[in-house]
1. Extending each Cα 7 Å along its Cβ direction at Met67 and Glu103, get the distance between those two points in nm, one decimal.
2. Could you grab the relative contact order for region 185-327? Cα pairs under 8 Å, six or more apart, rounded to a whole percent.
3. Over the chain, how many percent of alpha carbon pairs lie in each 10 Å bin up to the one with the longest distance?
4. Quick one, what does Rg over Rh come out to for region 112-225 if you take C-alpha atoms and the Kirkwood Rh?
5. Give the distance, in whole Å, between the Cα centre of region 12-62 and the Cα centre of region 65-97.
6. Helix 76-95: angle to the longest alpha-carbon principal axis of the chain, degrees 0 to 90, nearest 10?
7. Would you list, by chain and number, the aspartates and glutamates whose Cα falls below 13 Å from the Cα of Lys217, excluding same-chain residues fewer than 8 positions away?
8. For Gly191, what is the net charge nearby, where nearby means another residue's Cβ is under 11 Å from its Cβ and Lys, Arg count +1, Asp, Glu -1?
Amino acid sequence: MKNSVYDVVIVGSGVAGCFTALHLPKEWKILMITKSSLEESDSFLAQGGICVLKDENDFESFYEDTMKAGHYENRPEAVREMIMSSRAVINELIEFGVDFHTENGKLCYTKEGAHSTNRILYYKDVTGKEIIRKLLARVKELENVTIKTNTEMIDILCKDNCCDGILLRNGEEELEVVFARHTMWACGGIGGIYENSTNYTHLTGDALALSIKHNIKIKNIDYVQIHPTTLYSNKKERRFLISESVRGEGAILLNKNGERFVDELQPRDVVSKAIFEQMEKDGTEHVWLSMMTIDDIDVTKRFPYICKRCMEEGIDVTKDLIPVVPAQHYFMGGVDVDLNSHTSMRHLYASGETCCNGVHGANRLASNSLLESLVFAKNAALHMNKVDKYTIAERYNITAETSREDRLNSMSKWSIDKIIEKYNIDLTEYEDYEGYTQRKKDAIWAEINKEKRKK
Ligand SMILES: Cc1cc2nc3c(=O)[nH]c(=O)nc-3n(C[C@H](O)[C@H](O)[C@H](O)COP(=O)(O)OP(=O)(O)OC[C@H]3O[C@@H](n4cnc5c(N)ncnc54)[C@H](O)[C@@H]3O)c2cc1C
């Protein structure tokens, strides 16, 4: 079994993972891993846009919209932190080369459900792809970052409530030990445990399952957002999302008689509920979305990706109604973290959709998640750089006089037997990989159901 040592190991290559890497000291040795290819993260799928505090006068309204959508179960200080940090983060994205739609040199803002004003920046209908491609390009330029694809974290190395790194399964299906002073979980959501989801199927809440296994605090695990409008299909595949900004621009929802049945710009949970009720009433497997009611803009230019995908299914959105159905979309709960994205276990951080910092409360306001992922991933990186000088090497009495680098290197010389014994690792647990994966999913479902029963 290979054994290596890094300053930080980042699990996940979406916006949260990349933004962490970009804010860590350049002299630190960093490993970033992703379970699949670099192009397969939900960050690539974000269509609608990213919120920003448009101007100081918008603070109260942005705050209120976020809290109201979250049924006031949000953590006020986290919401404030996100909003107040938003302009700086957007400016950084622009410096990193991210393009947002502009007119006459000025940024344009769009609107989605439950926003009381236009405050969402966007790039066509592929905002996430635009952001993550530019961030990944910057991360790849960093000489201190090693990226490994098709590499999965299968467990963490922990002792005395302190995380000392991870156990990974590489592309050759071999196990490797990675020691790290700090571990960042940026593993995305849990859509992969659902039958119908807009998420990539490999996003199976692995960090959540490991939290359950190692008694790391989790929060709001039953808070799952269902997106009202995904393209209806009877095939078993990831559900294609029809962004809320389509409704923001004037698209409407219709029942089987061609009648409107809901205010389309209410929060997602309210619209999804209305659709499910309508489907039951009508005895249909979906309702219909009309983009023909969008005035003033050329939908093929504003929503090229959606138009193209619908056309592949034989639907011309300028003439035809689109069959849509709600599907699992976003996970508001997750690994419980503070405003620095620190978990209840020392030296273990979590950011992005994997964590629950309280921003979203019981329901996420549209286009707040890319922003939240970026703001709190940056906070984590800055915090790692600031925290105590306690290192894993010091815990095992490796002389404190030696340099950090020497200390880390001495860890890498440990025998595998010593590592297994120190961390109480049972290798037989991972032998049946499929079984292990299924057990992790089952553990998450058991927790979700337990939480639901309490209510
Ligand atoms: C269709 C769709 C549209 C969306 N639209 C918007 C929008 O318009 N605006 C908005 O703000 N948000 C939107 N979202 C939500 C937003 O895209 C996500 O919340 C955000 O991108 C999450 O980023 P992340 O870095 O946390 O996770 P992700 O981008 O999902 O990345 C997760 C990473 O973790 C890796 N990983 C997971 N488990 C392991 C493991 N065990 N070992 C190694 N690697 C692992 C994955 O391979 C991946 O690289 C949308 C989501 C979807 C699905």
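Here, each number is a calculation from the coordinates, and none is a lab measurement. These numbers come from a predicted model, not from an experiment. All Cβ positions, even for glycine, are placed from backbone atoms using ideal geometry, and neighbour counts span all protein chains on display.
1. For Met67 paired with Glu103, the spin-label model returns 3.3 nm.
2. 24
3. Computed distribution, short to long bins: 4, 21, 31, 24, 13, 5, 1, 0.
4. Ratio of gyration radius to Kirkwood radius: 1.02.
5. 13
6. 90
7. Asp336, Asp338, Glu447
8. Once positives and negatives cancel, what remains is -1.
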